[in-house]
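Student: Mind having a look at this structure? Questions to follow.
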């Protein structure tokens with residue numbers, strides 16, 4: 001697939017799988033915008049790939065809408081979206097005691113609408 005010149009957004013693109021994905025998309029010619037809360041790493045990765053960084057909390061609808069508009073103004077309407085943002089810490093799904101890790105690690109306090 002030819003993605004040369006297409007606009008791409010990678011949530012969680014400042015590290016881990018998201019970073020690797022952002023780098024691969026950029027290498028293939030996509031114009032990548034990283035959405036992440038880690039400004040230091042996100043800014044560095046964006047500079048490395050000649051992309052953009054937007055400080056985005058993906059749990060905030062307003063934050064996401066604003067970042068989508070800013071990204072579209074710079075790179076055009078996004079045609080590729082990769083979601084790698086997450087809030088859980090890395091750990092085994094089931095430990096040695098054969099019990100799953102605590103579900104509360106995946107919860108974030110709800111916001112009032």
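Student: Considering only the range 54-63, how many residues are touching a strand residue (DSSP E or B) at 6+ places or on another chain (Cβ under 7 Å) and either farther than 14 Å from residue 12 by Cα or in contact (Cβ under 8 Å) with a residue 40 or more places away in the chain (or both)?
Tutor: Count: 2.
Student: What pairs come out if I take residues in the range 24-41 that are on the phi > 0 side of the Ramachandran plot and touching a residue at least 24 places away in the same chain (Cβ under 8 Å) and pair them with residues that are outside any strand (DSSP E or B) and surrounded by fewer than 24 Cβ atoms within 10 Å (Cβ to Cβ) whose C-beta lies under 7 Å away, six or more apart or interchain?
Tutor: Qualifying pairs under 7 Å: 29/3; 29/4; 29/5.
Values in this text are rule-based calculations from the coordinates and carry no lab data. Quantities reported herein were computed from a predicted structural model and do not represent experimental measurements. Counting neighbours? That spans all protein chains shown, and the Cβs are built from the backbone with ideal geometry, glycine included.
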